[in-house]
């Protein structure tokens, strides 16, 4: 089966966010439903849910709940939400079912690091590329029904003849 027919893709180039934050957010939402991911990142913006950090955790405090360490990367979460909404619009344009979309691939990469102007010339800006692929997962029942329907039609046509 061709996966391009059941997927939507978006690429964010040179986003002004930390690559470390983007990696942690992508690990947090990878493999989850689109609605769940947008909801959780919205709660991160409100500082109600912390994103669990698994790397670079030496000076990060513990949070309430089941996680050990976490933070609220607000700026990076806002950028990822924008990309998820854009990918959702791409999926709607392709005619995919929004309720069945999962985040199949989310891959942040380090982008070029331009220098700050003026007095901060020695420091470099943070930039990140993020690629997101949403995939429509068809449930097993639907797959079986789709296989059975053509067989029923041929039997009905034979009976009519």
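The values are calculated or read from the model by the stated rules, or taken from the named source; none is laboratory data. What you see is a predicted model, and the numbers here were worked out from it, not measured in a lab. Neighbour counts are summed over all protein chains in view; Cβ atoms, including those assigned to glycine, are modelled from backbone coordinates with ideal geometry.
Just checking, which of 17, 103, 81, 25 is in contact with a helix residue (DSSP H, G or I) (Cβ under 6 Å, 6 or more places away or on another chain) and closer than 14 Å to residue 136 by Cα?
103
Would you mention how many residues in segment 1-47 are under 15 Å from residue 75 (Cα atoms), in a loop (DSSP other than H, G, I, E, B) and free of Cβ contacts under 8 Å to residues at least 40 places away in the same chain?
2
Would you mind stating whether residue 32 is under 17 Å from the mean Cα position of the chain (by Cα) and modelled with pLDDT of 90 or more?
Here the answer is yes, as residue 32 does meet what is asked.
Determine which member of the set 82, 75 is at pLDDT 90 or above, under 20 Å from residue 40 (Cβ atoms), more than 14 Å from the chain's Cα centre (by Cα) and outside any loop (DSSP other than H, G, I, E, B).
Testing whether each residue is at pLDDT 90 or above, under 20 Å from residue 40 (Cβ atoms), more than 14 Å from the chain's Cα centre (by Cα) and outside any loop (DSSP other than H, G, I, E, B) leaves just 75.
Considering only segment 116-130, state which residues are touching a strand residue (DSSP E or B) at 6+ places or on another chain (Cβ under 9 Å) and either part of a helix (DSSP H, G or I) or farther than 27 Å from residue 10 by Cα (or both).
116, 121, 122, 123
Can we say residue 66 is outside any helix (DSSP H, G or I), farther than 23 Å from residue 109 by Cβ and touching a residue at least 24 places away in the same chain (Cβ under 8 Å)?
So residue 66 fails the test.
I'd like the full set of residues that are farther than 17 Å from residue 32 by Cα and crowded, with 18+ Cβ neighbours inside 10 Å, limited to segment 73-93.
73, 76, 79, listed by residue number.
Which of the residues spanning segment 27-63 are buried (at least 20 other Cβ atoms within 10 Å of the Cβ) and within 14 Å of residue 103 (Cα to Cα)?
28, 29, 34, 37, 41, listed by residue number.
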